[in-house]
1. Tell me whether segment A:1-152 comes out rounded, prolate or oblate; compute the Cα gyration tensor, take square roots of the eigenvalues as a ≥ b ≥ c, and use a/c under 1.5 as the rounded threshold.
2. Taking the Cα of B:Leu14, stepping 7 Å toward and past its beta carbon, and measuring to each backbone N in segment A:91-120: which are under 15 Å?
3. Calculate how steeply helix A:176-207 sits against the longest principal axis of the alpha-carbon atoms of chain A, using the helix alpha-carbon long axis, and give the answer as 0 to 90 degrees to the nearest 10.
4. Normalised by the number of residues in segment A:1-151, what is the relative contact order in percent for Cα pairs under 8 Å and 6+ residues apart?
5. If I take R0 = 30 Å and measure r between the Cβ atoms of B:Asp91 and B:Leu70 in this structure, what FRET efficiency does the formula 1/(1 + (r/R0)^6) give, to the nearest 0.05?
6. HN-Hα J couplings of segment A:144-156 from phi, Karplus 6.51/-1.76/1.60, θ = phi - 60°, integer Hz, Gly and Pro as x?
7. Run the paramagnetic zone check for B:Ala118: 7 angstrom along Cα to Cβ, then residues of segment B:73-111 with backbone nitrogen under 17 Å.
8. Show which lysines lie in cross-link reach of A:Lys148 when reach means a straight Cα distance below 26 angstrom and same-chain residues fewer than eight apart are skipped.
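Here, each number is a calculation from the coordinates, and none is a lab measurement. Worth saying up front: this structure is predicted, and the values here are computed from it rather than measured. Note: ideal-geometry Cβ built from the backbone for every residue, glycine included; neighbour counts use all protein chains shown.
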Amino acid sequence: MIFAGINFPPIAELLNWKPIAFGSTAFMFNKIAVLTLLSAAITLVLFFVAGRRQQLVPRGIQNIMESAVDFITNSVVIDVMGQEGLAWVPWLTGLFFFILFNNLFEVIPFIQMPATARTSVTIPLALIVYVTFIVVGIKKQGFGRYFKSALVPSGVPVALLILLVPIELLSTFIVRPFALAVRLFGNMLAGHLLLVTFAVISEALFVRSIGLIVLPLPAATLVVLTGYEIFVGFLQAFIFTILTAVYLGESLGGGH
Amino acid sequence: MVFGVVTQSPNPILPSTGEIIWSVISFAILLVLLVKYAFPPVAGMMAKRTDKIRDDLEAAESARRDAERLLEERRVELGRAREEGQRIIEDARATGEALRQEAIQEAQREAQMVREQAQLQVAAERSRLILELRSELAGMAIELSTRILAHELASSEVDPLVESFLAEADSE
């Protein structure tokens, strides 16, 4: 009965945020909307500040943002897409920071909600990437050639194509956007629920004096998990961005 | 009620229309402003820095190449100077040797000449002495003959006269 005080909120309460404005319209404005706007604003402010300093030897924010751009340029774009992909660096940088800040809101006190734990954020992002790489592929290679390069692997016997074309169709045009959206959403949702779980347990133990005996364990786990979630936030932003680069690279270069 | 269902989906996994719209708006605003205004200055600064570093490296490389070239030139010049010095020393040595040989030959020639002159002088002296001796002997013979002839006149005195003449000749 010690744990009778634990009151784990229903999952809908953790994820479905009440409207702040326009509640009865399709433009319902809630915490998630605030967070997505905030992550865009933070990214823009950081870049404006970094761009205004213009020091030859970068320091502070300029240093951090330039390192990030350098990382995306070299480790994501050039490695995956080659020199041809350099035009996509600003786009991919924006995508990376947008996802990163939306992820990191998970561990920011008083916010404690990753906007990317909502499919409302990850599905549109995945769809934007999906539409972009298809449009880029068609523009770059032409309609017929793009779909041929995407669906028909070269050097494969014709007999096998009956099997491979549907697989390629499924993996490239159906699974890709789904996997992008679900991977990010699933990871962030799981992390969010973990943190909530340990926070609720710690709080319950703290409130019930007898529980203080075992308090340090869940509280320490909460601290460790918070650190881990910061890492996951960076990792998932990186994975989403690098996969986008891979898909764009295939569209630019013909894939396979 | 319809909007209520749409905007506040009961299933936490399903997306809500309002959130979709705002996340797309946020991302669109971010991309437009970032690509048009916020990113270019940062990228420009990085490109400028890259160019500066490349220029500096190229300048350093060119300075290094110049220094190496100068060093090589100096090395060649030093080698040439060393060879020149060696050649001068060799020349001096050869000249010295030639002068020495010449001096020796000159000295030998002079010595030979002195010796020959001395021999000539000795020979002339000898001839002169012989002639002198001959004329003296002739004189003595004449004087002896004269004395003998004179003594023949008093033959008893011939022998002691001859003896005294010979004693005189020995003492001279």
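1. Values: a/c = 2.22, a/b = 1.38, b/c = 1.61.
Here segment A:1-152 falls in the oblate category.
2. What the label zone holds, given the 15 Å backbone N cut-off, is A:119-120.
3. Orientation of helix A:176-207: about 10 degrees from the principal axis.
4. Details: 91 pairs, mean separation 21.9, N = 151.
Averaging sequence separation for qualifying contacts and normalising by length gives 14 percent for segment A:1-151.
5. Numbers: r = 31 Å, r/R0 = 1.03.
For R0 = 30 Å, the calculated efficiency reads 0.45.
6. x, 5, 5, 5, 5, 5, 7, 9, 10, x, 6, x, 10
7. Counting backbone N atoms under 17 Å from the label point, the list is B:107-111.
8. A:Lys139, A:Lys140
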